[in-house]
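Novice: Could you have a look at this structure, given as structure tokens, before my questions?
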Amino acid sequence: MTNKSTVSILLLSIILMFVSACETEDPFSIPPPDFSTVPEAYDISNIEPEVIDEGITIYVHEEGAENFFVTARDEVLAYVTLRTQDGEIIYSSFANGGTFPVPIGMINAGTVQSVFQYSVLLAYSPGFKEGLLGMADGEQRTIVVEPEQGFGNVSDSNANTAFREDTLVYDVLVSEINPG
């Protein structure tokens with residue numbers, strides 16, 4: 001009888017611990033990012049636009065140092081905020097109180113990524129890569145990307161399908177360039 005009671009008590013204890021440890025929220029859901037710490041969009045009203053490719057326009061806010069320029073094989077550390085032209089934030093390195101630049105592998109930066117969590121991979125598009133190429137260390141620019149160079153051709157399973165028809169606006173400050 002003692003052995004049966006001990007097993008029953010142990011089993012009941014395990015069940016109670018499991019039930020009390022469970023929350024009412026889905027433990028597998030990813031909470032949405034907090035964009036309250038994201039700075040305002042860069043002001044492009046008094047800057048001469050430069051079309052670098054069909055569907056990609058840049059606005060240089062501040063020239064960088066002329067010792068290194070971003071190439072297709074570099075690793076770049078940058079502060080990035082991606083918005084729609086209407087101002088909806090899709091991604092920002094400043095979200096959730098972020099204060100550090102994010103690493104961007106230029107080899108992958110032109111490939112739209114399928115991701116399950118909030119990361120800089122959400123910002124990757126062909127126009128993003130083209131807009132980063134040639135930026136100097138310390139340079140600050142806005143990159144405006146039309147849908148055909150942005151998320152216009154993403155698959156139905158991609159996290160950015162809602163932005164297929166949106167013009168994308170990237171505010172970028174290159175912090176460091178590590179030649180590949």
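The values are calculated or read from the model by the stated rules, or taken from the named source; none is laboratory data. No experiment lies behind these values; they were computed from the predicted model shown. We place every Cβ from the backbone using ideal geometry, glycine too, and count neighbours over all the protein chains shown.
Novice: Of all residues in the stretch 125-174 being surrounded by 17 or more Cβ atoms within 10 Å (Cβ to Cβ) and polar (S, T, N, Q), which is modelled with the lowest pLDDT?
Specialist: So, considering only residues that are surrounded by 17 or more Cβ atoms within 10 Å (Cβ to Cβ) and polar (S, T, N, Q), the one modelled with the lowest pLDDT is Asn158.
Novice: May I pose another question? Can you tell me which residues in the stretch 82-95 are surrounded by 15 or more Cβ atoms within 10 Å (Cβ to Cβ), more than 18 Å from Glu176 (Cβ to Cβ) and not aliphatic (A, V, I, L, M)?
Specialist: Arg83, Thr84, Tyr91, Ser92 - these are the residues of the stretch 82-95 that are surrounded by 15 or more Cβ atoms within 10 Å (Cβ to Cβ), more than 18 Å from Glu176 (Cβ to Cβ) and not aliphatic (A, V, I, L, M).
Novice: Mind checking whether some residue in the stretch 161-173 is within 22 Å of Val38 (Cα to Cα) and in a loop (DSSP other than H, G, I, E, B)?
Specialist: yes
Novice: Do we have Gly110 as modelled with pLDDT of 95 or more and either hydrophobic (A, V, I, L, M, F, W, C) or in a loop (DSSP other than H, G, I, E, B) (or both) here?
Specialist: So Gly110 fails the test.
Novice: Right, here's the next one. Test of understanding: among Ile56, Ile90, which residue is touching a Gly at 6+ places or on another chain (Cβ under 7 Å) and of a type in the set (A, V, I, L, M, F, W, C)?
Specialist: Every option except Ile56 fails the conditions.
Novice: Within the set of pairs 6 or more residues apart or between chains, which connect a residue that is farther than 13 Å from Val169 by Cβ inside the stretch 126-150 to a residue that is assigned to a helix (DSSP H, G or I) with Cβ atoms less than 6 Å apart?
Specialist: The qualifying pairs are Pro126/Gln149.
Novice: Here's something else I'd like to know. Is the stretch 53-71 home to any residue that is hydroxyl-bearing (Ser, Thr, Tyr), surrounded by 10 or more Cβ atoms within 10 Å (Cβ to Cβ), modelled with pLDDT of 95 or more and outside any helix (DSSP H, G or I)?
Specialist: Taking the stretch 53-71 first, the residues hydroxyl-bearing (Ser, Thr, Tyr) are 57, 59, 71.
Now restrict to residues that are surrounded by 10 or more Cβ atoms within 10 Å (Cβ to Cβ): 57, 59, 71.
Still in the list and also modelled with pLDDT of 95 or more: 57, 59.
Now drop any that are not outside any helix (DSSP H, G or I), which leaves 57, 59.
Yes: the stretch 53-71 contains one or more residues that are hydroxyl-bearing (Ser, Thr, Tyr), surrounded by 10 or more Cβ atoms within 10 Å (Cβ to Cβ), modelled with pLDDT of 95 or more and outside any helix (DSSP H, G or I).
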